[in-house]
1. What is the dipole size for the chain, taken about its Cα centre, with +1 at each Lys and Arg Cβ and -1 at each Asp and Glu Cβ, in debye to the nearest 20?
2. Give me the one-decimal Kirkwood hydrodynamic radius in Å for region 68-145, with the sum taken over alpha-carbon pairs.
3. Please report the accessible area of ARG84 (heavy atoms, 1.4 Å probe, ligands and nucleic acids excluded) in Å², nearest 10.
4. Per residue, how many Å² of accessible area does region 32-145 show with a 1.4 Å probe?
5. Where does each of 235-242, 64-71, 158-165 land if you order them by average Cβ count within 10 Å, highest first?
6. Is the shape of region 37-81 best called rounded, prolate or oblate, per the rule: a/c under 1.5 gives rounded, else a/b larger than b/c gives prolate, else oblate, with a ≥ b ≥ c the square roots of the Cα gyration tensor eigenvalues?
7. Which length gain, in nm to one decimal place, applies between ARG35 and LEU350 when the Cα-Cα distance is subtracted from 0.36 nm times their residue separation?
8. Evaluate the relative contact order of the chain (contact order divided by residue number), counting alpha-carbon pairs under 8 angstrom at least 6 apart; express in whole percent.
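The values are calculated or read from the model by the stated rules, or taken from the named source; none is laboratory data. These numbers were taken from a predicted model, which means no experiment stands behind them. In this analysis, Cβ positions are derived from the backbone assuming ideal geometry, glycine residues included, and neighbour counts consider all displayed protein chains. With ligands, DNA and RNA removed, areas are computed over all heavy atoms of the protein, side chains included. Shrake-Rupley method; radii C 1.70, N 1.55, O 1.52, S 1.80 Å.
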Amino acid sequence: MSHLYFGGVDVVDLAAEYGTPLYITDENMLIANFRRYKDAFDGYYDTDIYYAVKANGNLAILKLLAREGAGADVFSTGELHLARLAGIETDKILFNGNSKSDDDLIAAVESGVKVSVDSPDELDALASVAEQLGKETGIAIRVNPEVSPDVNPKIATGLKESKFGIPYTEVVELCKRAKNMRNISLLGLHCHIGSQILDVSVFRYAADKMLELVTSLHESGIELEFVDLGGGLGIAYRPGEIAPTPAELRDAILPVFKRAEIAPPKLILEPGRSIVGPASILLCRVNAVKHAYRNFVAVDAGFNLLIRPAMYDAYHEVVVANRYDEPGSEVYTVVGPICESGDIIARDRLLPEVRRGDLIAIFDTGAYGFSMSSQYNGRPRCAEVLVKDGHVDLIRERESLDDIIRNQKIPERLMQA
Ligand code: LLP
């Protein structure tokens, strides 16, 4: 009876030691995924990789990426805090976001990171915060490039009607205004067209549009230091699916940069999913097998820990981890423990006969897995471990019932009998 090994570790032993549900991240795979980006661009073009912290903000993971030279795309003061704690250099952090509060702007200016400005309103607010703090802040303008990648509309971010960015035709004017503002230093243009993109040609299209703006700005006497094309490279979630590599992304976009008539600026990329996604599995225990209208396998992790199937109809491969070699014999629908009909992890999958107590491993859960988790239904979040060549480190403790009531207060008047 063979078991699934991940990072050189028998996951059945991990379940026994750390309990389930459990997020397991393979350090070697994580590093290899990051290096694939470095290797694809090093020697070809001046490029920085700013890892998208939203995909997975575990500090140990951030620390590993910081050691590899990653910068960070952060989308909140919380993510900024994580990136800095992990030792990511502030001059390689871009503070993104379409709705930054004064406190966010203060945190950005005080820490000296670059800010991606998403609206004229925000530009004015940022200038006044920077003036009050007596500092100069480097900015990028977030561009809405009006590009439609073939992805779930919920994760397309550069459509004409998207909430992100400055309308394409208004970017040059806003840049001119920014250029003349005190305490603001216009450094670059930023965009992000979407996520889980499997066809790299849309990146070329986005690069084209960004370089068009760079040229128009040059004609107006404005030179930029960088163009940030965001993240978005997809991964192979389904068996047989083929995901483009960072080298293919390079081959799609660099010709655009190289044929630019003016000295093209440095390139920044913000990958999240393609670095962490395949590097983790979510291990869960079967609590019940029910033969009803469908064959249901009810496990101890649901959309509280992995919301992607419920939110985007996303596909994640599932296997029976403690009988990994057994051939499929029945079609099952794997569901979570949450009190919602939509709490379905995987529909109609051929699996070996599943029994209560079996372990199910859900693949490719490193991106937007734990980072989108909740305590819904009063469920403490699960633990996370890092595995490498047979070695295991706990990188997040399982939450306790105390964590569910943390910060809650019962007013004194309700305490009286
Ligand atoms: N940069 C910006 C400005 C972004 O908005 C995002 C993702 C990224 C970088 C990273 O994109 P990636 O390389 O990971 O595709 N929760 C959804 C994905 C939402 C993506 C939001 N923005 C999911 O689970 O599919």
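1. On the way: 44 positive and 61 negative charges, 107 e Å.
The calculation lands at about 520 debye.
2. It is 12.4 Å.
3. 120
4. Here the per-residue accessible area is 38 Å².
5. 64-71, 158-165, 235-242
6. Prolate, since a/c reaches 1.5 and a/b exceeds b/c.
7. Taking 0.36 nm per residue and subtracting the Cα distance, the gain is 109.9 nm.
8. On the way: 921 pairs, mean separation 83.2, N = 417.
Once normalised by length, the contact order is 20 percent.
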